[in-house]
Amino acid sequence: MCEYCGCQSVTAIGDLTREHDLVVDVIGAARSAHLDGDVARMVQAARQIEALLEPHTRVEEDGLFPALAGEFPEQIESLEAEHRLIEPVLREAAHGVPAAPDWPQRLMAVLDVLRHHILKEQDGVFPAALASLSTEEWERIDAVRARVGTALPGVHTSAG
């Protein structure tokens, strides 16, 4: 992923980036499972992605995005709409293999959306945040992270 602008040196962005990296790895596992026709492994991958994205999305939507929305309203609105598109398909796997026979194809489609979404955040949102947010805005983002925790292995917050 992106390492050219230095934004990952900010703890909030570094954590979000590490979450993205893990999600991308699990997307790869889901694609492999799909190629193998292994819907049970696809379900497991969807659950892993959902668990990683739950706190991640809260940090973005309750902290990072509001701080950037004034300057980049259309971009932030588009990213939030993509969250709303991805989440329900992942949630369908919460209790096992979804009954809908088209779920594997829909999962692959939203994972493609998610992969492009991650690139937009890493190549656009994170560098823009580094360039434009104040110390107070970063503190608000850190407070959201402390409240919601993280799904990153080995990382503990006051909520985690």
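How many percent of all Cα-Cα pairs in the chain sit more than 21 Å apart? Cα-Cα pairs in the chain separated by more than 21 Å: 46 percent. Of all segments of the chain bounded by GluC sites (Glu not before Pro) found in a DSSP loop with no more than 14 other C-beta atoms within 10 Å, the longest spans 72-160. Rounded to the nearest 500, the helix-only mean residue ellipticity at 222 nm of the chain stands at -22500 deg cm²/dmol, with each DSSP H run of n ≥ 4 adding -39,500 (n - 2.57).
Bear in mind that the values in this text are calculations on the coordinates, not laboratory data. In this text, all values refer to a predicted model and were calculated from it rather than measured experimentally. Here Cβ is always computed from backbone atoms with ideal geometry, including for glycine, and neighbour counts include all displayed protein chains.
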